[in-house]
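A.B. asks: Structure in structure tokens, see below.
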Amino acid sequence: MSDFEEKKRLIIRNLQEVMGEEKLVEILKQRDVKIYWGTATTGRPHVAYFVPMSKIADFLKAGCEVTILFADLHAYLDNMKAPWDLLALRTEYYEAAIKAMLTSLEVPLEKLRFVRGTDYQLSKEFTLDVYRLSSVITEHDAKKAGAEVVKQVEYPVLSSLLYPGLQALDEEYLKVDAQFGGVDQRKIFTLAEKYLPRLGYAKRIHLMNPMVPGLTGGKMSASEEDSKIDLLDSPAVVKKKLKKAFCEPGNITENGILSFTKHVIFPLMKQDEVFKICRAEEHGGNVDYSKFEDLEQAYAKQEIHPGDLKASVEQVINKLLAPIHEIFKDSKLQELTKKAYPPAKKVAANAAVDEVTPAKLDIRVGRIVEVSRHPDADSLYVEKIDLGEEEPRVVVSGLVNYVPIEEMQNRNVVVLCNLKPAKMRGIESKGMVLCASIDEPKQVEPLLPPKDSQPGERIVVEDYDSGEPDDVLNPKKKIWEKLQVDLKTSADLFAVWQGNKLISKVSGNPVTTKSLINAPIK
């Protein structure tokens, strides 16, 4: 294999998609490729960051010049999750953590540079280009581009529409040939390819990693505690989290443990190294794998037990984390960690607590006992819903165009019951039928209550089931609006809030949807 072919192999291996492969080949025949990867500096980096880091290791082995962008301005615009002073500290933490990860991977850093978004995104030139881009990009394209990355709400703030355009402009201002990211960034990459040439800038190459499942089966998320292993977690905590990880026998498609071996462990192995499955002699003894495909095939045939796979991956994770722990023994880095991610303040037992959690929501199973068209609005139904109360409640829902009236009659639904009553075209509505909803093409599906549930049965979010809900949600505090942005359907059709399932408080059975995946719940 020629030097050029080996570089290309390293760059594209394990990627889900490459947009602009011909251009990649053309550049590689002349010189090394310049690539950038960006990350918003919000939640703490966790072991899933080894997935992009292992690709960055590939890029560096292929001689690429790699820029890591700490997107602090993007982080600020993403619902303003953190103030500027905290973002500055978190950016420092990210740089220290990623340098430690690459050190753990034994990656040379000579051709690697770190850039903060605010180093150039607040310049006159960049600002003028934002205005130029705003004059050609449509609202539809901006909203569509951010659909997989920016939280989607019915009335988005302008910052969420700016976000994809800013990321597109980064390609020009960082002077790179290619941008690398997860396949969830594809719509942003497509927007960049469409609009950068309209400003007179070159179309870039786009390299996309597959989305790797988290340990609980969904996306590995910094906001879902059990789905991630923090870089500073002790071996005992790693063991505990891996023990709870979803790892179904024979399942090779939704398996975060197996995906970690594919996208981190095997790419990092040296030529003569193997991945060792450690097991007792009575279960076949240790077995070595030099190719992921062989391990995957063995797991699919259930020749490898999930417990043995977990134990073997646990050893590798602890080996990867050990150098990071050593680096973070430095007193300055320990202080930085505390300041960047301060522990939640403990509240005195007698102090008033007003934390916005799903426990505030009064969600119940209901049965529609009567339904009719709204006399003054073609798109609205007027339903009488049995919610286990003395009398059925009147609820108005905009479902005429999505659910035939005969399917609404005697239907079981999931209802948010403690919104402040509101008049809808003259009829007071005392609740909201919760639905999964997507905009393109417009589809709406009422959520499906848990199996065998009865009218009035409480629906709660896993791990947020203690206490009583508010009598009425205070509209001035926008409690529903703050919680709703994290309500969606999962890839396996469960209704979730930040990855935690909505379940019956009686049976523990989940709320589901018929067919819409990764759809906001409204």
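A.B. asks: For region 281-293, what are the residues that are open to solvent by less than 70 Å² (accessible area, probe 1.4 Å) and under 18 Å from Ile265 (Cβ atoms)?
C.D. replies: Val287, Tyr289, Phe292
A.B. asks: May I pose another question? Just the residues that are surrounded by fewer than 19 Cβ atoms within 10 Å (Cβ to Cβ) and under 30 Å from Leu321 (Cα atoms), please, taken from region 11-33.
C.D. replies: Correct list: Ile12, Arg13, Asn14, Leu15, Gln16, Glu17.
A.B. asks: Can I ask one more? Tell me which residues, restricted to region 110-125, are surrounded by 13 or more Cβ atoms within 10 Å (Cβ to Cβ) and more than 28 Å from the chain's Cα centre (by Cα).
C.D. replies: Listed by number, the list holds a single entry, Lys111.
Each row is one residue, and each column tells you yes or no for (1) free of Cβ contacts under 8 Å to residues at least 40 places away in the same chain; (2) hydrophobic (A, V, I, L, M, F, W, C).
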| residue | (1), (2) |
| --- | --- |
| Val25 | yes, yes |
| Lys29 | yes, no |
| Ile56 | no, yes |
| Gly63 | no, no |
| Leu69 | no, yes |
| Ala75 | yes, yes |
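A.B. asks: Confirm whether Gln302 is modelled with pLDDT of 85 or more and assigned to a loop (DSSP other than H, G, I, E, B).
C.D. replies: So Gln302 passes the test.
A.B. asks: Given the structure, is Lys310 basic (Lys, Arg), outside the structural domain of Tyr93 (by the TED database), assigned to a helix (DSSP H, G or I) and open to solvent by 80 Å² or more (accessible area, probe 1.4 Å)? Write out each step before concluding.
C.D. replies: Numbers: basic (Lys, Arg): yes; outside the structural domain of Tyr93 (by the TED database): yes; assigned to a helix (DSSP H, G or I): yes; open to solvent by 80 Å² or more (accessible area, probe 1.4 Å): no.
In short, no.
A.B. asks: Follow-up question, since we're still on this one. Of these, Phe260, Phe275, which one is closer than 21 Å to Ala57 by Cα, hydrophobic (A, V, I, L, M, F, W, C), crowded, with 19+ Cβ neighbours inside 10 Å and under 21 Å from the mean Cα position of the chain (by Cα)?
C.D. replies: Phe260
A.B. asks: So which pairs qualify, if the first residue must be in region 447-459 and assigned by the TED database to the domain that holds Gly508, the second must be open to solvent by 30 Å² or more (accessible area, probe 1.4 Å) and of a type in the set (Ser, Thr, Tyr), the Cβ gap must be under 7 Å, and the two must be at least 6 apart or on different chains?
C.D. replies: Leu448/Thr512; Pro450/Ser507; Asp452/Ser507; Ser453/Ser507
A.B. asks: In region 249-271, what residues are in a loop (DSSP other than H, G, I, E, B) and either at pLDDT below 85 or in the same structural domain as Ser490 (by the TED database) (or both)?
C.D. replies: Matches in region 249-271: Thr253, Glu254, Lys270, Gln271.
Okay, residues lined up against (1) of a type in the set (Phe, Trp, Tyr); (2) closer than 28 Å to Leu161 by Cα; (3) in the same structural domain as Leu89 (by the TED database):
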residue: Leu28; (1), (2), (3): no, no, yes
residue: Arg31; (1), (2), (3): no, no, yes
residue: Ile35; (1), (2), (3): no, yes, yes
residue: Val47; (1), (2), (3): no, no, yes
residue: Lys55; (1), (2), (3): no, no, yes
residue: Phe59; (1), (2), (3): yes, no, yes
residue: His74; (1), (2), (3): no, yes, yes
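A.B. asks: To continue, here is another question. Considering only region 425-443, state which residues are out of contact with any His (no Cβ under 7 Å at 6 or more places or on another chain), in a loop (DSSP other than H, G, I, E, B) and open to solvent by 50 Å² or more (accessible area, probe 1.4 Å).
C.D. replies: Once the filter is applied, which keeps residues that are out of contact with any His (no Cβ under 7 Å at 6 or more places or on another chain), in a loop (DSSP other than H, G, I, E, B) and open to solvent by 50 Å² or more (accessible area, probe 1.4 Å), region 425-443 yields Gly426, Lys430, Asp439, Glu440, Pro441, Lys442.
A.B. asks: If you go through region 147-166 one residue at a time, do you hit one that is farther than 28 Å from Leu483 by Cβ, crowded, with 18+ Cβ neighbours inside 10 Å and in contact with a helix residue (DSSP H, G or I) (Cβ under 7 Å, 6 or more places away or on another chain)? Please lay out each step first, then the result.
C.D. replies: Going through region 147-166, the residues farther than 28 Å from Leu483 by Cβ turn out to be 165.
From what is left, the residues that are crowded, with 18+ Cβ neighbours inside 10 Å are 165.
Checking which are in contact with a helix residue (DSSP H, G or I) (Cβ under 7 Å, 6 or more places away or on another chain) leaves us with 165.
Yes, some residue in region 147-166 is farther than 28 Å from Leu483 by Cβ, crowded, with 18+ Cβ neighbours inside 10 Å and in contact with a helix residue (DSSP H, G or I) (Cβ under 7 Å, 6 or more places away or on another chain).
A.B. asks: Return the residues of region 465-489 that are assigned to a helix (DSSP H, G or I) and either among the aromatic types (Phe, Trp, Tyr) or open to solvent by less than 70 Å² (accessible area, probe 1.4 Å) (or both); say none if nothing qualifies.
C.D. replies: Scanning region 465-489 gives Ile479, Trp480, Leu483, Gln484.
A.B. asks: How about region 490-506: which of its residues are open to solvent by less than 60 Å² (accessible area, probe 1.4 Å) and in a loop (DSSP other than H, G, I, E, B)?
C.D. replies: Answer for region 490-506, where residues must be open to solvent by less than 60 Å² (accessible area, probe 1.4 Å) and in a loop (DSSP other than H, G, I, E, B): Ser490, Leu493, Gln498, Gly499.
A.B. asks: Kindly list, by first and then second residue, each pair from a residue in region 256-276 that is closer than 14 Å to Ser54 by Cβ and hydroxyl-bearing (Ser, Thr, Tyr) to a residue that is open to solvent by 10 Å² or more (accessible area, probe 1.4 Å) and modelled with pLDDT of 90 or more, limited to pairs with Cβ atoms under 9 Å and residues at least 6 apart or on different chains.
C.D. replies: From residues that are closer than 14 Å to Ser54 by Cβ and hydroxyl-bearing (Ser, Thr, Tyr), the pairs are Thr261/Tyr289; Thr261/Phe292; Thr261/Glu296; Thr261/Val316.
A.B. asks: Something else about it: Residues in region 63-81: is at least one of a type outside the set (A, V, I, L, M), surrounded by fewer than 22 Cβ atoms within 10 Å (Cβ to Cβ), more than 19 Å from Asp177 (Cα to Cα) and out of contact with any Lys or Arg (no Cβ under 9 Å at 6 or more places or on another chain)?
C.D. replies: Yes, there is a match, as at least one residue in region 63-81 is of a type outside the set (A, V, I, L, M), surrounded by fewer than 22 Cβ atoms within 10 Å (Cβ to Cβ), more than 19 Å from Asp177 (Cα to Cα) and out of contact with any Lys or Arg (no Cβ under 9 Å at 6 or more places or on another chain).
A.B. asks: Another one. Within region 415-424, can one find any residue that is among the charged types (D, E, K, R), in a loop (DSSP other than H, G, I, E, B) and open to solvent by 50 Å² or more (accessible area, probe 1.4 Å)?
C.D. replies: yes
A.B. asks: Could you grab me the full set of residues in region 8-34 that are of a type outside the set (S, T, N, Q) and under 24 Å from Ser259 (Cα atoms)? Spell out the reasoning first.
C.D. replies: Step one: list which residues in region 8-34 are of a type outside the set (S, T, N, Q), which gives 8-13, 15, 17-29, 31-34.
Within region 8-34, Lys8, Arg9, Leu10, Ile11, Ile12, Arg13, Leu15, Glu17, Val18, Met19 meet the criteria.
A.B. asks: In region 446-455, is there at least one residue being closer than 30 Å to Gly146 by Cβ, surrounded by 21 or more Cβ atoms within 10 Å (Cβ to Cβ) and modelled with pLDDT of 90 or more?
C.D. replies: Yes, that holds for at least one residue.
The values are calculated or read from the model by the stated rules, or taken from the named source; none is laboratory data. Given the structure is predicted, the values throughout are model-derived calculations rather than measurements. Here the Cβ is made from the backbone with ideal geometry for all residues, glycine too, and neighbour counts use every protein chain on show. Ligands, DNA and RNA are stripped out before the accessible areas are found, and what is left, the full protein with its side chains, is counted by its heavy atoms. Shrake-Rupley method; radii C 1.70, N 1.55, O 1.52, S 1.80 Å.
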